[in-house]
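Working notes, beginning with the structure itself.
Just so it is clear, none of the values below were taken in a lab; they were calculated from the coordinates. Just so we're clear, the structure is a prediction, and the values are computed from it rather than from any experiment. A quick note on method: Cβ atoms are made from the backbone with ideal geometry, for glycine too, and the neighbour counts reach across all protein chains shown.
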Amino acid sequence: MTLLLILAAFALPTAWFFWRDHKLNTPSLQWPGMKTVLGLQYEANPPRLGGAWNGRKVAIESTESGAVVTAWLNAETRLRVECGPKDVVAKRAGMVVPDALEPAVSAFRDKLLARCSDKNAGPLVFDVTMQQRLAELPVVDFVGEQFRVVWRVPVVKDIDETEALLGALCAIADGLESFPKSGAMPDAQAKRS
């Protein structure tokens, strides 16, 4: 009887731990609960969250390698920006290498590399506040161009991290909209305030 109680004492917490871990890492189990907090719609096959978040169209989609979070711009931008771990961004640069941003925040400089197709626009899109915000996030890896910003993450499971990611993603989208493709003068400072 004592042996049975000892086994139960170890088996129940272990089973609970593995079930909780499985639930957190399985979008079809985790995302339906997140939809209400985020104010998004959930689609089951494949797992996807989408809709308007703080007035901007966004989507969170499951992929084989994790998840892709997308924010759409209201107007096409003339910029191409990317930000992520230094080694990832350097490899992805290819033949056309956008200008690297000179970071003002040391935490950002230590872990991330940001590039922008317009050297003068980079400091406006990636201002000091944005650099601090991005440096605090656990995973940063996005590319923004034309009508959208796409951010790749290994998993979307924590509501606070997801809200922080969506906030940063939408702020980057705001910055990109300040540089429309139409050739109009940028209005980055007005968008940020």
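Put +1 on the Cβ of each Lys and Arg and -1 on the Cβ of each Asp and Glu in segment 31-192; which of 144, 51, 132 then has its Cα farthest toward the positive end of the dipole? My answer, from the dipole projection, is 144.
Per-residue Karplus couplings for segment 55-66, computed as 6.51 cos²θ - 1.76 cosθ + 1.60 with θ equal to phi - 60°, are listed in order as x, 10, 5, 9, 8, 10, 10, 7, 10, 4, 9, x Hz, Gly and Pro entered as x.
Tell me the net charge near residue 53. Cut-off is 15 Å between Cβ atoms, residue 53 excluded, with +1 for each Lys or Arg and -1 for each Asp or Glu.
Working: positive: 35, 48, 56, 57, 148; negative: 61, 160, 161, 163, 174.
Cβ neighbours under 15 Å give a net charge of 0.
Using the Cα coordinates of segment 31-192, the gyration tensor eigenvalues translate into equivalent-ellipsoid semi-axes of 25, 18, 15 Å, sorted from longest to shortest. A Förster radius of 25 Å, combined with the Cβ-Cβ distance separating residue 147 from residue 107, puts the computed FRET efficiency at roughly 0.25. Cross-link list 86/157; 57/86; 57/111; 57/157: which exceed 27 angstrom alpha carbon to alpha carbon? From 86/157; 57/86; 57/111; 57/157, over 27 Å: 57/86; 57/111.
Among residues other than residue 102 whose Cβ falls under 10 Å from its Cβ, what is the net charge (Lys/Arg +1, Asp/Glu -1)? Result for the local shell: +1.
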